[in-house]
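Q: Have a look at this one before I ask anything.
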Amino acid sequence: MENINHPLSNWIPYKLIEKDNNIYFEWIYLGDIKYLDPFFDETISKCMKLDYNSKRFRVISTVENLIEWSDELVSVDLKSLVFHVSRCGSTMLSQSLATSSENIMVSEAPIFDEILRSNLFGLDTKTTLLKAVLKFLGQKRFPEQNNLILKLDAWHIFDAGYLRSLFPEIPFALLYRNPTEVLKSHQKLMGMHMVPNLLPPSVFGITPQEINEISFQQYGALVLEKYFQGFLSFYESDQNVTFLNYNDGMKSVIEKFISFIDARYADQEIDKMFERLNKHSKNEHADFKGDSFKEEALNVDFTKLVLLHEKLNNALLEHSES
């Protein structure tokens, strides 16, 4: 069953608006555009060019509208949440999964983060809203679609316990990488979460005192420490979770992920996923020739990161053997 004749078919809420202590949602029309881009924002940019979205007026609704309307939609089943530490192959994983026509691959949708971090509504409303938004993002727009997979922002590992309460049966995947490689990648082009105060340090559990005592480069290492510790803490308390290590190879990551979630793919679908690995994660038209990093050393104390990384590797090994 699809939503072909539903008036909200192909419409999604994509932006949270806070005004005068009230919450509203802005909507956008998708047409027949699928979420095939490396990041959700890129898909939204394409949708902006459609006639529906080029008009002078905007489509706005209330929280209550969104929740009520979501009950009317047919959506595919959520199959997994993907957590990651950034620059660890998460974009390549999501791009490979997006090649399958059976998947709806939502990669770092800003609206999900906006709801999670908003303080203008209580926990019950937040829970209902997140589920309602996922129904819209995962609406069954094409007959072959069966699986909804959500890749979160890196800092959402700190919401993993709360998200587990929302989705008690859903497999959670934790993707990580050698910390030197992660920080070398950020040295080339720094993500906003690695720059002090672009996101509130409290998001990562970083105190003002910790910031005052470290250098600019060490801040990125501290954020990565928090991610690694967040992975370990969640793994220790949850059974329905798997570790994925970029350094085992992305083919291995994909094989492990699709065997972990409740989804069955035809051989040709899996072949398409593997084929995508030959191209750059952020540009499907460019061949992937491996990572290249600056040769100069990072001015970072890796002591704690090395220990945490070793613990992650040991946890992965124990998980594999159990």
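Q: With the Cα gyration tensor of region 1-113 giving a ≥ b ≥ c as the square roots of its eigenvalues, does the rule (a/c under 1.5 for rounded; else a/b larger than b/c for prolate; else oblate) give rounded, prolate or oblate? Before the final figure, lay out each step's value.
A: Numbers: a/c = 1.57, a/b = 1.39, b/c = 1.13.
Note, shape of region 1-113 comes out prolate.
Q: Placing +1 at every Lys and Arg Cβ and -1 at every Asp and Glu Cβ, with all other atoms neutral, what dipole size does region 1-151 have around its Cα centre, in debye to the nearest 20?
A: Details: 17 positive and 20 negative charges, 65 e Å.
Once rounded to the nearest 20, the dipole reads 320 debye.
Q: Using unit Cβ charges (K, R positive; D, E negative) and no other charged atoms, how large, in debye to the nearest 20, is the dipole of the chain about its Cα centre? Spell out each step's value before the answer.
A: Details: 33 positive and 45 negative charges, 140 e Å.
Here the size comes out at about 680 debye.
Q: Measuring from the lowest to the highest alpha carbon on each principal axis, how far does the chain reach, largest first, in angstroms?
A: Projected onto the principal axes, the Cα atoms of the chain cover 57, 51, 38 Å.
Q: Hey, what does the equivalent ellipsoid look like for region 133-283, semi-axes from the Cα gyration tensor as sqrt of 5 times each eigenvalue, largest first, whole Å? Please report the intermediate quantities before stating the final value.
A: Details: eigenvalues 186, 77, 46 Å².
They are 31, 20, 15 Å, listed from largest to smallest.
Q: May I ask you to list the trypsin sites (Lys or Arg not before Pro) in region 243-322 that are in a DSSP loop and have at most 16 other Cβ atoms within 10 Å of their Cβ?
A: Values: sites: K251, K256, R264, K272, R276, K279, K282, K289, K294, K304, K311; in loops: R264, K282, K289, K294.
When the trypsin sites (Lys or Arg not before Pro) of region 243-322 are filtered for loop state and at most 16 Cβ neighbours within 10 Å, R264, K282, K289, K294 remain.
Q: Given only helices, namely DSSP H runs of n ≥ 4 each adding -39500 (n - 2.57), what is the per-residue ellipticity at 222 nm of the chain, to the nearest 500 deg cm²/dmol? Write down the numbers at each step before the final one.
A: Values: 12 runs with 132 residues, N = 322.
Taken over the chain, the calculation gives -12500 deg cm²/dmol.
Q: Still on this structure, I have one more. Over all distinct Cα pairs, what is the inverse of the mean 1/r for region 253-322, reported as the Kirkwood hydrodynamic radius in Å? Walk me through the numbers before you get to the answer.
A: Working: mean 1/r = 0.0629 Å⁻¹.
Result for region 253-322 stands at 15.9 Å.
Q: Please go through region 69-175 and write out the chymotrypsin sites (Phe, Trp or Tyr not before Pro) that DSSP classes as loop and that have at most 15 other C-beta atoms within 10 Å.
A: Values: sites: W69, F83, F112, F121, F136, W155, F158, Y162, F172; in loops: F121.
Answer by residue number: F121.
Q: Mind running the shape call on region 54-184? Use the C-alpha gyration tensor, a ≥ b ≥ c as the square roots of the eigenvalues: rounded below 1.5 for a/c, prolate if a/b tops b/c, oblate otherwise.
A: Values: a/c = 1.67, a/b = 1.35, b/c = 1.24.
Note, shape of region 54-184 comes out prolate.
Q: Now for a different question. Would you please name the GluC sites (Glu not before Pro) within region 234-322 that are DSSP coil residues with at most 14 other C-beta atoms within 10 Å of their C-beta?
A: Details: sites: E236, E255, E269, E275, E284, E295, E296, E310, E318, E321; in loops: E295, E296.
Those that pass, being in a loop and sparsely packed, are E295, E296.
Q: Based solely on C-alpha atoms, express the radius of gyration and the Dmax of region 199-322 in angstrom.
A: Rg, Dmax (Cα atoms, Å): 18.0, 53.
Q: Next up: Which of the DSSP-defined H helices in the chain satisfy a minimum axial length of 27 Å, computed from C-alpha atoms, and a minimum mean Kyte-Doolittle hydropathy of -1.0? Don't skip to the end; give the middle numbers.
A: Values: long enough: 216-237 (33 Å, 0.04); 303-321 (28 Å, -0.23).
Membrane-span-like by this rule: 216-237, 303-321.
Q: Simple spin-label model, 7 Å along Cα-to-Cβ: H319 to V306 in nm?
A: Each label point is offset 7 Å from its Cα along the Cβ direction, giving 2.4 nm.
Q: Quick one: which of K251/K289; K55/K131; K140/K226 span more than 27 angstrom between C-alpha atoms?
A: Details: K251/K289 15 Å; K55/K131 29 Å; K140/K226 37 Å.
Pairs exceeding 27 Å: K55/K131; K140/K226.
Q: Taking 7 Å along the Cα-to-C-beta vector as the label spot, tell me the L166-Q268 distance in nanometres, rounded to one decimal.
A: With each label point 7 Å from Cα toward Cβ, the separation is 3.6 nm.
Q: Quick one: work out the % antiparallel among DSSP beta bridges in the chain, nearest 5.
A: Working: 15 of 35 bridges.
Among the beta bridges of the chain, antiparallel pairing accounts for roughly 45 percent.
Q: Given Cβ point charges of +1 (Lys, Arg) and -1 (Asp, Glu) and nothing else, what value in debye, to the nearest 20, does the dipole of region 232-293 about its Cα centre take?
A: Values: 8 positive and 12 negative charges, 43 e Å.
It works out to roughly 200 debye.
Each value in this text was obtained by applying a stated rule to the coordinates, not by laboratory testing. None of the values given here were measured: they were computed from a predicted structure. Because the Cβ atoms are built from the backbone with ideal geometry, glycine has one as well, and the counts that use them run over all protein chains shown.
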